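Undergrad: Structure incoming, see below.
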Amino acid sequence: MRFLVSNDDGVYADGIKVLTRALEELGQVTVVAPDRERSATGHGITVYRPLRTREIKYKNSTAKVYAVDGTPADCVKLGLEALMTTPPDMVISGINLGPNLGTDVLYSGTVSAAYEGIINGVPAMAVSINTWENPDFTYAVNFIKEYVPYVLQHELPEGVLLNVNIPNGIEPKGIKVSRLGYRRYIDVFDKRTDPRGRTYYWLAGEPKNLDEDDPTTDVNAVKKGYISVTPLQMDVTHYNFLEELKKWPVNTRRE
Ligand code: MN
């Protein structure tokens, strides 16, 4: 098996090194990841300047590792189209420090790296751990080594990726296949004053989970100590409303 690994915490993050080591036991790994942290960059790409790559080495690893001065989506695109000679069997992004649950996936560089995989027809998975400090990757690694070969054997439908969130510091109760919860951030902007008396705003805030008690959500699954797996699709068309929208009697032509 061949893997393309990326992330948004940067090529030197512990999570991506742990992921690389786990996947090296399953096959050949190429790492293409940002040269610094690019969390919350969503699906941004770099078009107004060139991208530079630098080959680095991970300790005790045979993986080819490229540090790129671009976004996670840039990295996967570059990996697939320019750096890898044969396409990988799977793109895996992570292990992200911090969960990517519910609405977070729309902002997540980790998930966007996986999206870039399926956009290019390669099965993909995004993996995050539910903590921002002192991560214990033991169970994440066990899960990856078990689950990744299984997924490849059973084949994901085209245009579908798996978003995985792993609890931290406890043995997971099992896997729960879940839907995205609805997460909104409250007290989002801190309004402050700079030394010249001008106002500025700093994005902060706490996530508020609007349906965390709903047992079908990813937020609930992780809260209850399960590994959450959510299938996400590339096509975000709302098909039911599409039909309804066709019936709207709007005429834009002036007669
Ligand atoms: Mn991150």
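Undergrad: Restricted to the range 1-54, and to residues that are touching an Asp or Glu at 6+ places or on another chain (Cβ under 9 Å) and assigned to a helix (DSSP H, G or I), which residue is nearest to the ligand (Cβ to nearest atom)?
TA: Among them, the one singled out is GLY15.
Undergrad: Given the conditions (1) closer than 30 Å to ILE45 by Cα; (2) within 16 Å of the ligand (Cβ to nearest atom), which single one is not true for ASN168?
TA: Every condition holds for ASN168 apart from (1).
Undergrad: Look at LEU78 and say whether it is farther than 16 Å from SER108 by Cα, part of a loop (DSSP other than H, G, I, E, B) and under 23 Å from the mean Cα position of the chain (by Cα).
TA: No, not satisfied.
Undergrad: Got a sec? Which of ASN220, ASN240 is assigned to a helix (DSSP H, G or I), under 21 Å from TYR147 (Cβ atoms) and polar (S, T, N, Q)?
TA: So the residue among ASN220, ASN240 that is assigned to a helix (DSSP H, G or I), under 21 Å from TYR147 (Cβ atoms) and polar (S, T, N, Q) is ASN220.
Undergrad: If you don't mind, another one. Are there any pairs, at least 6 apart or on different chains, whose C-beta atoms fall under 8 Å, with the first in the range 95-109 and under 14 Å from SER178 (Cα atoms) and the second near the ligand (Cβ under 10 Å from one of its atoms) and part of a loop (DSSP other than H, G, I, E, B), and if so, which?
TA: Every condition considered, the pairs that remain are ASN100/SER108.
Yes/no matrix, rows are residues, columns are (1) basic (Lys, Arg); (2) under 30 Å from LYS208 (Cβ atoms); (3) more than 16 Å from the ligand (Cβ to nearest atom); (4) touching a residue at least 12 places away in the same chain (Cβ under 8 Å):
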{"position": "SER128", "(1), (2), (3), (4)": "no, yes, no, yes"}
{"position": "ALA140", "(1), (2), (3), (4)": "no, yes, no, yes"}
{"position": "GLU155", "(1), (2), (3), (4)": "no, no, yes, yes"}
{"position": "ASN163", "(1), (2), (3), (4)": "no, yes, no, yes"}
{"position": "ARG192", "(1), (2), (3), (4)": "yes, yes, yes, no"}
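Undergrad: Further question on the same structure: Taking the options GLY225, GLY181, name whichever one is crowded, with 20+ Cβ neighbours inside 10 Å and part of a loop (DSSP other than H, G, I, E, B).
TA: GLY181
Undergrad: What's the total number of residues in the range 74-90 that are in contact with an Asp or Glu (Cβ under 7 Å, 6 or more places away or on another chain) and within 16 Å of the ligand (Cβ to nearest atom)?
TA: 1
Undergrad: Going by what's in this entry, would THR110 be described as surrounded by 16 or more Cβ atoms within 10 Å (Cβ to Cβ), within 14 Å of the ligand (Cβ to nearest atom), within 17 Å of the chain's Cα centre (by Cα) and more than 27 Å from TYR139 (Cα to Cα)?
TA: When the stated conditions are applied, THR110 does not pass them.
Undergrad: Hey, could you check the range 13-38 for residues that are surrounded by 19 or more Cβ atoms within 10 Å (Cβ to Cβ) and of a type in the set (S, T, N, Q) and say which is nearest to ILE129 (Cα to Cα)?
TA: THR20
Only the coordinates and a few stated rules stand behind these numbers; no lab work does. Keep in mind that what you see is a predicted model, and the values were worked out from it rather than measured. Here Cβ is always computed from backbone atoms with ideal geometry, including for glycine, and neighbour counts include all displayed protein chains.
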